[in-house]
Each structure stands twice: as C-alpha cells, then as structure tokens.
1. Rolling a 1.4 Å sphere over the protein heavy atoms, what is the accessible area per residue of the chain, to the nearest Å²?
2. Please list, ordered by chain and number, the residues whose modelled amide H lies under 5 Å from the amide H of Gly21; skip anything fewer than 5 residues away on the same chain.
3. Helix-only mean residue ellipticity at 222 nm, the chain, DSSP H runs n ≥ 4 weighted -39,500 (n - 2.57), per residue, nearest 500. What is it?
4. With Rg and Dmax of the Cα atoms in Å defined as stated, name the option among [x] 21.6, 85; [y] 45.7, 153; [z] 23.1, 79 computed from the structure displayed.
5. Quick one: which residues, 5 or more positions from Phe112 or on another chain, have an amide H under 5 Å from its amide H? H modelled 1.01 Å from N in the peptide plane, none for Pro or chain starts.
6. For a quick check: with amide H placed at 1.01 Å from N, whose amide H comes under 5 Å from Val120's, ignoring anything fewer than 5 positions away on the same chain?
7. I need the phi-derived Karplus couplings for the stretch 143-153: 6.51 cos²θ - 1.76 cosθ + 1.60, θ = phi - 60°, integer Hz, Gly and Pro marked x.
8. Given R₀ = 45 Å, FRET efficiency for Val40-Ser151 by Cβ-Cβ distance, to 0.05?
Amino acid sequence: MPPESAPDPPAVTLPFRFDTGRVVKQIMAGVLALLGIAAVGILYSLLVTRSMATAAQLALIGLITGYFGHKFLRHLTTSTGIITAESVTVEPAQLLGVRLAGASGQFSLGRFEAVRVDRVTLSTNVQVGPHERVYLAGRSGTPNILIARTSADAGRTLGHDLATAIKLPYQEQVVPY
C-alpha cells in the first residue's frame, strides 16, 4: 500500500501580497543613473577640459535619456498591494519620491469582473520570450490592477489559482508585446 501524501497546499492564499515594481524601478534607476553620469560629464567638460563640444554631446545624451525616462515613467505601470477576501488595497509606487504609473486606492472585489491573464506572443527580439501579465480586470470606472509579470505559463497558473481564491471568473487573451 503506497504511503498517503498530504494534499497540495493552495497555490494562492489570502491575504495575497503583490509587487510588480521591481522591473520598472530598475529601469527608472538606470535612467536616473545615466542622467547623473551625463550631468557629471557636462560639469567635467565645462570646468576641467573646457570642451564645449563634449558638453553639448553629453547634454544631448541627457535630453534623449530624459525623454525616454519620461515615457517610461508615464507608461510602465506598477502596483504594490494586498488582496483579501473582501477588497484590494493598492499603494502608490514611488522611486526616489517620484510617483510611478499605476492605480492606487482601496477597491472592493465586487468592482472587478475577472482575473485576466494577458499572454504576450513571441517577440522578434530573441531575448524576450513569451510571458504573461496577470490583472484584476476592473469593471467600468475601476482600473485594471497589475498583479504579476510572469514567464513560461506561470501567469496562467497564478491567474487560475487567484481567480479561485477570490471567486472571480478567469479570462485569458493573447496580446502583442
């Protein structure tokens, strides 16, 4: 007679804490570091080497970096919070006092229509394979809350388990990058 095994523990238990800000904060920290290097380079070029051409080139690099940093800041969403059996609390994400894009506030679970997994198709970039983004899909007037960024079907598993835990329907869609 085979030994009895313990049942598998539930994959998602409530309260469920989430934080999707690591990647966005890394990108923004890199942007800020590059801006700092450009600023130091400009000062060095003006005060030590007295090279206006170098200072102008570094200023151009700083402007381009600032432009893309602004785009990232506005469009890369992040969220940190906790899901309970009754509600979702989302804290505003910040990096060095700068608020990052994403929802914040407290929302009852009734304001969400489903747990949605966006499956991102293969990219032409060989370094980025298929991956998923898991959302709480908000009803009209309620924002979609990003719960996780995952790879290799982990989002599907998390989405199913989370939908079961909070008693919401599961949805899945394929989206371009």
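The values are calculated or read from the model by the stated rules, or taken from the named source; none is laboratory data. Values in this document were obtained by computation on a predicted structure and should not be read as measured data. In this analysis, Cβ positions are derived from the backbone assuming ideal geometry, glycine residues included, and neighbour counts consider all displayed protein chains. Ligands, DNA and RNA are stripped out before the accessible areas are found, and what is left, the full protein with its side chains, is counted by its heavy atoms. Shrake-Rupley method; radii C 1.70, N 1.55, O 1.52, S 1.80 Å.
1. Working: 10910 Å² over 177 residues.
Per-residue accessible area for the chain comes out at 62 Å².
2. Ser79
3. Working: 3 runs with 63 residues, N = 177.
Helix-only estimate at 222 nm: -12500 deg cm²/dmol.
4. Among [x] 21.6, 85; [y] 45.7, 153; [z] 23.1, 79, the one calculated here is [x].
5. Arg139
6. His131, Glu132, Arg133, Val175
7. Coupling constants for the stretch 143-153: x, 6, 10, 6, 9, 7, 10, 9, 9, 6, 6 Hz.
8. Working: r = 36 Å, r/R0 = 0.81.
With R0 = 45 Å, the Cβ-Cβ based efficiency is 0.80.
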